[in-house]
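Participant: Please find one structure pasted underneath; my questions will follow.
Only the coordinates and a few stated rules stand behind these numbers; no lab work does. None of these values were measured; they are calculated from a predicted model. Backbone-built Cβ (ideal geometry, glycine too); neighbour counts: all protein chains shown.
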Amino acid sequence: MTDETLYSLQKVSKGFVKGKEKITIFDGLDMSIEKGDFLAIMGPSGSGKTTLLNMLGGVDQPTGGEVWFDGSRVDKLSEGNLAKWRANNIGFIFQFYNLMPMLNAAKNVELPLLLTNLNSKQRKKSVEAALELVGLSDRAKHMTNEMSGGQQQRVAIARAIVSDPKLLLCDEPTGDLDRATADEILEMLQLLNREFGKTIVMVTHDPAAAKYAKRTLHLDKGEFVEKDLVA
Amino acid sequence: MTKILSQIWVVIVMNITSIGQRIWMSLAAIFAVAVVVAVLLSFLAMTEGFSKTLEGSGSNTVAIVTRSGSQSELNSVLSRETINIVTTAPGIAKDANGDPIYSPELYVIVDGIKKTSGTEVNLPMRGISSVGFELRDQVSITSGRMFETGKNEIIVGEGVLREFAGFELGTTVRFGKTEWEVVGTFSTGGNAFESELWADAPTLQSQFQRGSSFQTIRVLLETPDDVSGMAEMVENDPRLFLDVVTEADYFAQQGEALNGIVIFGWIISIFMSVGALAGALNTMYTSVANRAGEIATLRAIGFSNTSAFFGTLAESIVLSVIGGFVGAMASYLFMDGLSASTLGASFTQVVFKFELTTDLFINGAFLALGIGLIGGIFPAARAARLPVIVAFRGAN
């Protein structure tokens, strides 16, 4: 682990019991993500990529091993502290956007800022900046259900970046979009990585989407199959 | 702390503003609470109105004398001799001639027909003198004239006119073998006396073969405290076997019979609340299930489970409070001021009006809040425990 390492999974195991059967997803998984990386994780269904993303996002805990984030161990944090850690460090981008339909675009984007010490004026400024970055300044007051899928995903990206997290986790971010819109979203992620130095981990089924990443890891049965790409 | 409050506030606003997405289920919960509150308030308004009618009938400066143990005017009998002795008691106010001010009264039951149901009921008919009028506050002739002594004439209370058929001014009514002409109507400010028919006492004695006996006497006291001196005198006189209480205490005792109805009203309401509670729980569990994706997304972003808990609880309380308000308004519109009659302690009808007071509305509000709290607390706990992973399942 170096100073440039943002995330490090060491001998991580994860399993669960289904009925009388004990199912192992990961058994001694090692992984390292450098700051500024744009990593695509691919793999067939059941390979463990979503579970990996959940663990990286602190919404699921490993049953063994250690997880280190920016020099701090996070696999032992309590539920409350994990929530705070997520608020400070992680931006989520979901396949189905997961926007709040009763809030307009600006209010959706503002949500993570409600967990910070920013006052209302500062929050407004940050929301405007995030919406401008995703090209939706003129749709701030629009309800999200009045928007296209691509626009909704842009709002979701604005929400993910507005609090300036260290890591963006994307779960099939283009899975619900047509090719052209998907390319726009992926270009945007690429821009965030290249110009703003955001570290991005993206789970995807789509090889075309994975090409936008700096590197791709393939998971199969809980193991990375291209060992040369793993630290 | 501010951050937690702002989180809770955001979740509350989101939950409340998305009620429209669960409109039918939410309306069902609101309706259930509204019915429960309306039923409770109707019972309470009835007892409140009845109690006020009785309480308004009694004065502290008028003592009512009945035969000991008779409990109500109907069961009492007083001879002229007894009346002559009692009126020598200390503490009785005197008129300009130095004579005690008292009103011996006759109280008989006659038949009436209830307008709303067409059923036959008992109505009280009181034989009274002009002094009896003076002993009652707020009494006034509202139409026609006063009955004349020695004639089969009656005046009817406004409550009787409102609730029972055949007592309109100018009509002739038949009680047994006797006929009486309605020559006037009177008001006593809405109290129990308005449920009565009044006639000249000696005429009533004659027509109902009561000889010289009466049921009660009312005496005007110099001060309210004089009732104890009078009671003491009656107790110490071996010739007398009487109860003496102020008129206010007499009617208060009659009103206590309604305590059972208050308890019955609460029991019915609590049983119905269980049904409303089931509705509220169902609505809120559905709400949590529908919003699982939203709740989990907020949790993933970093919102605390406390905000999910209070947001859900607030939705339940808001629905219940709306239900309570609707129920209270329905009670107010349909029940407040509604005239009704029921059997009083003398086995005669007492006409009263349902009355909703601020205190009763507060009772309704507490009931609605209770349903909201209990109906929301378990779904809220489920919302707080919802796994964050749900957000990644596209459950939005």
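Participant: Sort B:MET46, B:MET25, B:MET146 by Cβ crowding within 10 Å, fewest neighbours at the top.
Facilitator: With the fewest neighbours first, B:MET46, B:MET25, B:MET146 line up as B:MET146, B:MET25, B:MET46.
Participant: Below 8 Å between Cα atoms, with a sequence gap of 6+, how large is the relative contact order for region A:76-158 in percent?
Facilitator: Once normalised by length, the contact order is 41 percent.
Participant: Now for a different question. Anything over 24 Å Cα to Cα? Flag those among A:LYS121/B:LYS3; A:LYS49/A:LYS124; A:LYS22/A:LYS211; B:LYS114/B:LYS177; B:LYS52/B:LYS177, in the order listed.
Facilitator: Table pairs above 24 Å Cα-Cα are A:LYS49/A:LYS124; A:LYS22/A:LYS211; B:LYS52/B:LYS177.
Participant: If the reach is capped at under 15 angstrom between alpha carbons, list the aspartates and glutamates near A:LYS14, excluding any in the same chain fewer than eight residues apart.
Facilitator: Of all the aspartates and glutamates, those that pass the test against A:LYS14 - Cα under 15 Å, at least 8 places apart if same chain - are A:ASP27, A:ASP30, A:ASP60, A:GLU66, A:ASP75, A:ASP220, A:GLU223.
Participant: Can I ask one more? Report, in whole Å, the centroid distance computed from the Cα atoms of region A:162-231 and region B:239-280.
Facilitator: If we compute the Cα centre of each part, the gap is 73 Å.
Participant: What whole-number distance in Å separates the alpha-carbon centres of region B:173-228 and region B:44-67?
Facilitator: Cα centres, region B:173-228 to region B:44-67: 17 Å.
Participant: Loop sites only, by DSSP: take the GluC sites (Glu not before Pro) in chain B that have at most 16 other C-beta atoms within 10 Å and name the longest stretch containing none of them.
Facilitator: Here the longest run is B:223-396.
Participant: Looking at the square roots a ≥ b ≥ c of the eigenvalues of the Cα gyration tensor of region B:199-249, which shape do they give, rounded for a/c under 1.5, prolate if a/b is larger than b/c, or oblate?
Facilitator: Note, shape of region B:199-249 comes out oblate.
Participant: Still on this structure, please answer the following. Where does the longest stretch of chain A lie that holds no trypsin sites (Lys or Arg not before Pro) found in a DSSP loop with 14 or fewer other Cβ atoms within 10 Å?
Facilitator: After excluding every exposed loop site, the longest remaining stretch is A:142-210.
Participant: If you don't mind, there's one more thing I want to ask. So, in nm, how far is label A:LYS221 from label B:ILE85 when the simple model puts each one 7 Å beyond its Cα toward the Cβ?
Facilitator: Simple spin-label model gives 11.3 nm for this pair.
Participant: If we count other beta carbons within 10 Å of each Cβ, what is the order of B:ASP200, A:ASP176, fewest first?
Facilitator: Ascending Cβ contact count within 10 Å gives the list A:ASP176, B:ASP200.
Participant: Output the relative contact order of chain B, whole-number percent, from Cα pairs under 8 angstrom with separation of 6+ residues.
Facilitator: Computed over chain B, the figure is 29 percent.
Participant: Would you mind giving the mean number of other chain beta-carbons within 10 Å of the Cβ of each residue in A:193-204, as a whole number? Intermediate values should be presented prior to the final figure.
Facilitator: Details: counts 0, 0, 0, 0, 0, 0, 0, 0, 0, 0, 1, 0.
Mean shielding count: 0.
Participant: Wrap a convex hull around the Cα atoms of the protein assembly as shown, take a quarter of its surface area, and give that in square nanometres.
Facilitator: Dividing the Cα hull surface by four gives the mean projection, 41.8 nm².
Participant: Run the numbers for B:SER129 and B:GLU222: contour at 0.36 nm per residue of separation, minus the present Cα-Cα distance, in nm.
Facilitator: Length difference between fully extended and current span is 31.4 nm.
Participant: Further, regarding this structure: What number, rounded to the nearest 500 deg cm²/dmol, is the helix-based mean residue ellipticity at 222 nm of the protein assembly as shown, given -39500 (n - 2.57) per DSSP H run of at least four residues and division by all its residues?
Facilitator: Here the helix-only value at 222 nm equals -14000 deg cm²/dmol.
Participant: A further question follows. What does the average come to when, for each residue of peptide A:107-119, you count the partner chain Cβ atoms lying within 10 Å of its Cβ?
Facilitator: Counting Cβ atoms of other protein chains within 10 Å of each residue's Cβ and averaging gives 3.
Participant: In nm, to one decimal, how far is the A:SER148 label point from the B:THR116 one, both placed 7 Å along Cα→Cβ?
Facilitator: 6.6 nm
Participant: Just name one of A:ALA182, A:HIS205, A:LEU167: the one whose Cα is farthest towards the positive end of the charge dipole of region A:161-208 (beta-carbon charges, Lys/Arg +1, Asp/Glu -1).
Facilitator: Result: A:LEU167.
Participant: Can you pull out the chymotrypsin sites (Phe, Trp or Tyr not before Pro) in region B:308-383 whose DSSP state is coil and whose Cβ has at most 16 other Cβ atoms within 10 Å? Could the numbers behind the result be given before it?
Facilitator: Numbers: sites: B:PHE309, B:PHE310, B:PHE325, B:TYR332, B:PHE334, B:PHE347, B:PHE352, B:PHE354, B:PHE361, B:PHE366; in loops: B:PHE347, B:PHE354.
The qualifying sites are B:PHE347.
Participant: Further question on the same structure: With unit charges on the beta carbon (Lys/Arg positive, Asp/Glu negative), name the residue among B:ASN97, B:GLY324, B:SER206 whose Cα is farthest towards the positive pole of the charge dipole of the protein assembly as shown.
Facilitator: B:GLY324
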